[in-house]
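Heads up, the thing below is written out as structure tokens.
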Amino acid sequence: MANYFRLISSILHLLIALLLLLNDAVLCKTLKRDVKALNEIKASLGWRVVYAWVGDDPCGDGDLPAWSGVTCSPVSGSDYRVVTELEVYAVSIVGPFPLAVTNLMDLTRLDLHNNKLTGPIPSQIGRLKHLKILNLRWNKLQDSIPPEIGELKQLTHLYLSFNNFKGEIPKELANLPQLRYLQLHENRLIGRIPPELGTLTNLRHLDVGNNHLVGTIRELIRIEGCFPALRNLYLNNNYLTGGVPSQLSNLTNLEILYLSYNKMSGVIPFGVAHIPRLTYLYLDHNQFTGRIPDTFNKHPFLKEMYIEGNSFRPGVKPIGEHKVLELADSEFLV
């Protein structure tokens, strides 16, 4: 009889354990790895997001919605969900980049822009192999841009502008075959722009303005067939020298060429006027000389050509009305 009761007791304990496991599964269907990572992020980000991150399941449990800024997707062949997007921006987060973010291995979008994050981007960022959009602009991030970003083969949008990054632009960024938008402006970057970036066949927008970069455009476009899809090239407010090479006319998709506030010199070659889609040409505040070909005045798309602060011959006139070129987020975050 005693053995019978022990057997019944064992069965009851087993049933209770199974019920508890089932209860946990009902309460939290988010992969435990992601739950742990998000709770660590929650602890590191502070009260500004805690108030919106309630409940035990970051992806929502039926009674409560998913945590604010957290997007999840089901795992094929299971009942579990994984975190695929994390967007926590413009909430004045203070402190270092949360390392636990790099444990969210299924992220496709990471957007922490317009906060007060400090310190470096950890090298572990290279673990996020599914990442397509990385937006960390308008923070106070420091140190060098980690070359491990070059391991994110799915990346299409990289926004690191308005930070305090220093050092050189890593040539490993040329290992991102899907990259379309690269924004590095308003940092403290030095050295030359890697010409290897010209091998990015999908790159449409390159902005490295307002840094401390040196070198020439000729060096940048020295690879044959470079920048085949480039539309916008922002090189303004650096220390670039040399002239505008005639080979620039090979960038046939170019619409914006922004060279303002450099140390460039020489004459403007005739061929630049034949870039078929050129719409904005900013040459101001350099050391250019000579005349600008009359062909620019007949260009079918050219809306603005700003030339102030050079040594052009008398009679050269600007085209259009100068304004600061700022493109809206909607033009990039797609």
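The values are calculated or read from the model by the stated rules, or taken from the named source; none is laboratory data. Note that the coordinates shown come from a computational prediction; the quantities given were computed from them, not determined experimentally. All Cβ positions, glycine included, derive from the backbone under ideal geometry; neighbour counts span all protein chains shown. The accessibility values were calculated without ligands, DNA or RNA, using every heavy atom of the protein model including side chains. Shrake-Rupley method; radii C 1.70, N 1.55, O 1.52, S 1.80 Å.
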- prompt: Binned at 10 Å from 0, what are the whole-percent values of the Cα-Cα distance distribution for the stretch 187-233, short to long?
  reply: 27, 56, 17
- line: Taking Cα atoms, the helix 2-27 axis meets the longest principal axis of the chain at an angle in degrees (rounded to 10) of 20 degrees
task: Can you send over the carbon and sulfur percentage of the accessible area for the stretch 57-179, probe radius 1.4 Å, protein chains only?
output: 48 percent
message: If I model a spin label as a point 7 Å beyond the Cα along the Cα-Cβ vector, how far apart are those points for Lys36 and Ser123 in nm?
response: 2.3 nm
query: What is the stretch 98-242 by shape, rounded, prolate or oblate, if you read a ≥ b ≥ c off the alpha carbon gyration tensor as root eigenvalues and call it rounded for a/c under 1.5, prolate for a/b larger than b/c, and oblate otherwise?
result: oblate
- prompt: Any idea what % of Cα-Cα pairs in the chain are farther than 25 Å?
  reply: 59 percent
task: Express in nm, to one decimal, how much length is gained between Gln287 and Ala43 on full extension, taking 0.36 nm for each residue of separation and deducting their alpha carbon distance.
output: 82.5 nm
- request: Let me have the 222 nm mean residue ellipticity of the chain computed from DSSP H runs of 4+ only, each contributing -39500 (n - 2.57), with the sum over all residues rounded to the nearest 500.
  value: -4500 deg cm²/dmol
- request: Could you quote the convex hull projected area for the stretch 178-268, Cα atoms only and averaged over all directions, in nm²?
  value: 5.1 nm²
Shape of the stretch 47-114, Cα gyration tensor, a/c cut at 1.5: oblate
- request: Any chance you could run the full-extension gain for Tyr51 through Glu308? It's 0.36 nm times the residue separation minus the Cα-Cα distance, nm to one decimal.
  value: 87.3 nm
task: Could you calculate the FRET efficiency of Asn114 with Lys153 from 1/(1 + (r/R0)^6), where r is the beta carbon distance between them and R0 is 22 Å, rounded to 0.05?
output: 0.20
field: Gain in span if fully extended, Lys140 to Ser78, counting 0.36 nm per residue against the direct Cα distance
entry: 18.3 nm
query: Across the chain, where is the longest run that never hits chymotrypsin sites (Phe, Trp or Tyr not before Pro) in a DSSP loop with at most 12 other C-beta atoms within 10 Å?
result: 52-300
query: Over the stretch 181-334, what number does the Rg to Rh ratio reach, with both radii from the alpha-carbon atoms and Rh per Kirkwood?
result: 0.93
query: Over 32 Å between Cα atoms, which of Lys171/Lys317; Lys32/Lys166; Lys29/Lys132; Lys166/Lys263; Lys36/Lys140 qualify?
result: Lys171/Lys317; Lys32/Lys166
message: Give the aspartates and glutamates whose C-alpha is closer than 16 Å to that of Lys303, dropping any in the same chain fewer than 8 places away, or say none.
response: Glu255, Asp284, Asp294, Glu321, Glu326
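At R0 = 25 Å, how high is the FRET efficiency between Lys166 and Ser92 if r is their beta carbon distance? Nearest 0.05 is fine.
The calculated FRET efficiency here is 0.55.
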- prompt: If the cut-off is a Cα-Cα distance under 12 Å, which aspartates and glutamates reach Lys153, setting aside same-chain residues fewer than 8 apart in sequence?
  reply: Glu172
task: Find how many whole Å separate the alpha carbon centroid of the stretch 151-183 from the alpha carbon centroid of the stretch 256-299.
output: 27 Å
